[in-house]
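The values are calculated or read from the model by the stated rules, or taken from the named source; none is laboratory data. Keep in mind that what you see is a predicted model, and the values were worked out from it rather than measured. Ligands, DNA and RNA are excluded from the accessible area calculation, which covers all protein heavy atoms including side chains. Shrake-Rupley method; radii C 1.70, N 1.55, O 1.52, S 1.80 Å.
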Amino acid sequence: MPMSLPARKAPAGGAGVRRWVVTIVVSVVALVLTLVVISLSVGSSLPRTSLQDYLPVGVTVLGKLSSSERADGNANGTAIGEEPLQGVREPLVEQNGQGGYLNSGQPSPLTRKIESKEPDPVASGDTTSTPDEDSSNESQKAEQGEVSQKAEQGEVSQKAEQGTCDLYHGEWALDSSGPLYTNNSCPIITQMQNCQGNGRPDKEYENWRWKPEQCILPRFDARKFLELMRGKTLAFVGDSVARNQMESLVCLLWQVDVPQNRGNKRMHKWLFKSTSTTIARVWSSWLVHRSTEAVGIAPKGIDKVFLDVPDETFMEFLPRFDVIVLSSGHWFAKRSAYVLNGNVVGGQLWWPRQAGKMQMNNVDAFGVSVETCLTAVATNPNFTGLAIVRTWSPDHYEGGAWNTGGSCTGKVKPLDEVVRNGFTDAMYGKQVEGFRKAVKNAGQQGSQLKLMDITEPFAFRADGHPGPYRSPDPNKKTQRGPDGKPPPQDCLHWCMPGPVDTWNEMLLETIRREFERERS
């Protein structure tokens, strides 16, 4: 049966078929011409646009997408403008109910802040070129910028893959997405570090993120951490600042898996059952042996610090740990006597006049203790894990020390410039020196020791301490008195949430790099 057009019967014979074909061709050509005329007339009334105008809002020269990324819609969740580490795509921010981003293709507020640093040619007053010149120049600049950006990102990725990318030099950038937990969403925060619960009126100190110069430091990913540490135990060993970091980590993880308390007086432990991951803490004020018994000229009662004997408490537990984070030093400012090779060689806030000149002050004693502890850890035949040394945590007392009226009142944002602190510099230097000696002492096993060098970045964070907000007492003093003296302050520990959470971002990245290096 011959084909027919709607409501019209096809003519019979060859001539009829030819007329029918011609009619169809003419109709199609007329329709195409009509559509072309309409599109031209409409297009002439549209303002000039470029390809950039059709890209997502967050995509600039800083963060162009490759064709393959555009094709999959950035489904892997990498924030635009951020280069994934080691080629692994991962969300920069995890949604936790605090304003974070989960698998979002849009940049975080931090990314937008960085992008806003790009110069604006209109704002700079460059209005001399024609629209055609603008379009040509923009195209050339975009191409140049894309090549430069790809080269820069490739260099950053290569450094990250090689584990040589420096996490510890950079700047603090304001990130309005806020912390990953609040003082109300984590029940284990020590009261003295619960700054918001204690009435601190400002909150901006919670919103600064560390941005390394040539690295991407991802926002803490609790699920990634738990998976990385599946079936493993991580222990913090040290003083109350070590406890501060441990509580920060538990609070970060708490947002995705509520842990079980499995600890006792000798060792605090939290078990995250989803991955059988344990976070532990062992108290060790000096990381070396301590006793109050009389030794030589040092009477009973005063703390004796045996600089060449590692602390037997945490050494007993050491084989149980897969990762250990060691930190100490602040107790060397307290009253104590130092013992080396069985002899009393010095002291802090204590030394009998009749004993003559001390052989060793507290700074030198700290350096010896670091070497002793780390050498013992690295050479322990029953410990095959990773030992991370978190460097000296800077305090920010002004106008006095912790026990002589020092203050950090009124600090509400990071410092623009670090004011050098002689004691901090000396203690940090001795710690690094002790670390290097331990690596050398341990030989091949020294590769188990890693340095997490937080001292310089956190020297800027005078705003991150509790200051006078150490208790919930509504009648507490928060301002200087009529005599100018400040109220009692804590300018050593860190508010939670606050800058201390960045330590655990650095910790996660350190562990990730090391585990991946071992697998390769």
Fraction of accessible area attributable to carbon and sulfur, segment 438-520 (%, probe 1.4 Å): 49
³J(HN,Hα) computed for each position of segment 513-520 - Karplus, 6.51 cos²θ - 1.76 cosθ + 1.60, integer Hz, glycine/proline x: 4, 5, 5, 5, 5, 5, 5, 7
Solvent-accessible ranking of His289, His465, His169, largest area first, probe 1.4 Å: His169, His289, His465
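Quantify how much of the Cα-Cα distance distribution of segment 374-420 extends past 14 Å, in percent. Mind dumping the intermediate values first?
Details: 734 of 1081 pairs.
Tail of P(r) above 14 Å: 68 percent of Cα pairs.
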Fraction of accessible area attributable to carbon and sulfur, segment 366-417 (%, probe 1.4 Å): 49
Under Karplus coefficients 6.51, -1.76 and 1.60, residue-wise ³J(HN,Hα) of segment 386-399 in Hz, glycine/proline x: 10, 10, 10, 9, 7, 6, 3, 8, x, 9, 9, 6, 10, x
Lysine pairs meeting the criterion (Cα under 26 Å, 8 or more apart or interchain), as found in segment 208-352: 13
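Provide Arg266, Arg390 ordered by accessible surface of protein heavy atoms (probe 1.4 Å), highest first.
Details: Arg266 120, Arg390 5 Å².
Per-residue accessible area, sorted high to low, gives Arg266, Arg390.
With the convex hull built on the Cα atoms of segment 362-401, state its orientation-averaged projected area in nm². Walk me through the numbers before you get to the answer.
Values: hull surface 15.3 nm².
Across all orientations, segment 362-401 yields a mean hull projection of 3.8 nm².
Return the carbon/sulfur percentage of the accessible area of segment 166-277, one whole number, probe 1.4 Å, all protein chains in place. Spell out each step's value before the answer.
Values: 2070 of 4440 Å².
Looking at segment 166-277 in its full context, I get 47 percent from C and S.
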Lys411 - accessible surface, heavy atoms, 1.4 Å probe, Å² rounded to 10: 50
Area of Leu508 that stays accessible when all protein chains are in place (1.4 Å probe, Å², to 10): 20
In order through segment 307-317: 3J(HN,Hα) via Karplus (6.51 cos²θ - 1.76 cosθ + 1.60), integer Hz, x for Gly, Pro: 5, 10, 10, x, 5, 5, 5, 6, 5, 5, 7
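Calculate, for segment 212-313, the solvent-accessible area per residue in square angstrom, rolling a 1.4 angstrom probe over the heavy atoms of the protein chains.
On the way: 4030 Å² over 102 residues.
Per-residue value: 40 Å².
Going by accessible area, probe 1.4 Å, with all protein chains left in place, what is the ranking of Ile297, Ile188, largest first? Don't skip to the answer; put the middle values down first.
Details: Ile297 85, Ile188 30 Å².
Correct descending sequence by accessible area is Ile297, Ile188.
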Pairwise centroid distance, computed over Cα atoms, of segment 449-472 with segment 190-250, Å: 11
Accessible surface of Tyr397 - all protein chains present, 1.4 Å probe, nearest 10 Å²: 40
Cut-off under 5 Å, modelled amide H: who pairs with Val344 long-range: Ile297
Mean accessible surface per residue for segment 417-509, computed with a 1.4 Å probe while every protein chain stays in place, in Å²: 44
